[in-house]
Amino acid sequence: MPQEVLERFRFPTLAAALRLLHRPPPSTSLADLYDRRHPALHRLVFEELVAHQLGLRRLRYRQQRIQAPVLGGDRHLRAKLLAGLPFELTAAQRRVTEEIARDLERPYPMLRLLQGDVGSGKTVVAALACLQAVESGRQVALRRLPSSCPNSIAQSARLAGTPGAGSLVAEPVATRGGSGWNWWRASRGREPR
């Protein structure tokens, strides 16, 4: 850790922090240790956060060196899905959808975690990303967890295509009832029988 960082945050050296936390001298405030206010503890937490961030940066660098297909798409399937939904996307959903679309247009794998509360629109954002892949001539498998992907979105995905050749088909390919899982496959083609 650079000396200027240690001085700025008034951190002890790593060795001193470890010694103090493993064998606190009698003069150490136990209240500071229990309340997690002691600088030695802050130093270790900071050290772990920095190591974690550096590890993520290294992973991202390695991932960006791997080639992936560019998934541009012409947006026609996504526009049909959006037109068929019984609601408008929120500003946050539109922003994230555009960020993901840009990521998919890059020639390396996307590293993104989409988080949100139940009902916040994660599934429709995922469906739009899937459609971008289908628009680019790829097949997609979307795993639906038990409480996600309301049927209305899956139905809207089916309705997004036009009948006949070139339509979008979202069909269940594996299901398990109750609190289990479902997989959906999206591709261009005829309706499943």
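What follows is calculated from the coordinates using simple rules that are stated; it is not laboratory data. These figures come from a predicted structure and were not determined experimentally. Cβ coordinates were reconstructed from backbone atoms using ideal geometry, including for glycine residues, and neighbour counts include every protein chain displayed.
Under the definition of Cα pairs under 8 Å and six or more residues apart, what whole-number percent is the relative contact order of region 3-64?
35 percent
Measuring from label point to label point, each 7 Å out along Cα→Cβ, what is the Glu99 to Leu113 span in nm?
Distance between the two pseudo-spin positions: 1.3 nm.
So how do Glu98, Glu135, Glu4, Glu47 line up by other beta-carbon neighbours within 10 Å, fewest first?
The fewest-first ordering by Cβ neighbours comes to Glu4, Glu98, Glu47, Glu135.
Grab the Cα-Cα distance for Gln67 and Leu85, subtract it from 0.36 nm times how many residues apart they are, and report the gain in nm with one decimal.
Gain in length upon complete extension: 3.1 nm.
Given N residues in region 1-55, what is its alpha carbon radius of gyration divided by 2.2 N^0.38 Å?
Relative to the rule-of-thumb radius for its length, region 1-55 sits at 1.15.
Using the alpha carbon gyration tensor of region 64-149, what are the three equivalent-ellipsoid semi-axes (square root of 5 times each eigenvalue), largest first, in whole Å?
That gives 21, 15, 13 Å for the three semi-axes.
How much net charge surrounds Arg37 when only the other residues with a Cβ under 15 Å from the Cβ of Arg37 are counted, with Lys and Arg +1 and Asp and Glu -1?
Charge balance in the 15 Å sphere: +1.
Can you tell me how much longer the chain between Asp74 and Tyr34 gets when fully stretched, taken as 0.36 nm per residue apart minus their C-alpha distance, in nm with one decimal?
Extra length from Asp74 to Tyr34 when fully extended: 8.7 nm.
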